[in-house]
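Worksheet: the structure to be examined is printed underneath.
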Amino acid sequence: MDERRIAARFAGFDQDGNGYIDREDFYVAAKALLAEFGVTARCDRGQSLFAGAEAFWQGMAGIADVDGDQRVTREEFVTGAVKRLRDNPDRFAEIARPFLRGALAVAGAEGDGIAADTALRVLGAFGVEADVARAAVEALEAGGSGRVSEDVVVRAFARYFTVPE
Ligand code: CA
Ligand code: CA
């Protein structure tokens, strides 16, 4: 994976832009999503989202925080996360799934996932640029159904961080 792509993926996790990934970044993302959909942190969906954020951070730290200082630097991200996750994309899907499931629930998911325009709002809350988000959602919609399901989201997320191009 080239430097620019790694930088973009790192920036996606470094939600507060302070140059490293830590627990706070996952909480920033969760709070932004709750605000976007007007869901409180105290309700069941809010609690599930934060539990998912914590699990995601713990999984990320377990894979990438080599020196154990509770921060994942860009170098740790490259050497730890990207390489190890590329060898085992399913592992990444596993650590991300509770957070992604919680995010879809906050966005009002029903049995078959969420509507494409709702998926755009989710990505927007996470700071994904509009044109990137639109391309992603178009690719994820099952056969032009206008719906995006949990499994598709989880697999796409894992692929984005683990496939070289
Ligand atoms: Ca950060
Ligand atoms: Ca570290």
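The values are calculated or read from the model by the stated rules, or taken from the named source; none is laboratory data. On a predicted model such as this, the values are computed, not experimentally measured, just so you know. All Cβ positions, glycine included, derive from the backbone under ideal geometry; neighbour counts span all protein chains shown. Side chains are part of the model used for accessible areas, which takes the heavy atoms of the whole protein and leaves out ligands, DNA and RNA. Shrake-Rupley method; radii C 1.70, N 1.55, O 1.52, S 1.80 Å.
Here are the numbers for the structure shown:
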| item | result |
| --- | --- |
| FRET efficiency estimate (nearest 0.05) - Cβ-Cβ, residue 130 to residue 79, R0 25 angstrom | 0.20 |
| Pair residue 18, residue 87: separation of 7 Å Cα→Cβ label points (nm) | 3.1 nm |
| Spacing of the two label points (7 Å from each Cα toward its C-beta) at residue 152 and residue 110, in nm | 1.6 nm |
| Segment residue 66-residue 40, extension gain: residue separation times 0.36 nm, minus the distance between their alpha carbons | 5.9 nm |
| Alpha carbon convex hull of the chain, volume per residue in cubic angstrom | 106 Å³ |
| Of all accessible heavy-atom area on region 3-162, the percent that carbon and sulfur account for (1.4 Å) | 50 percent |
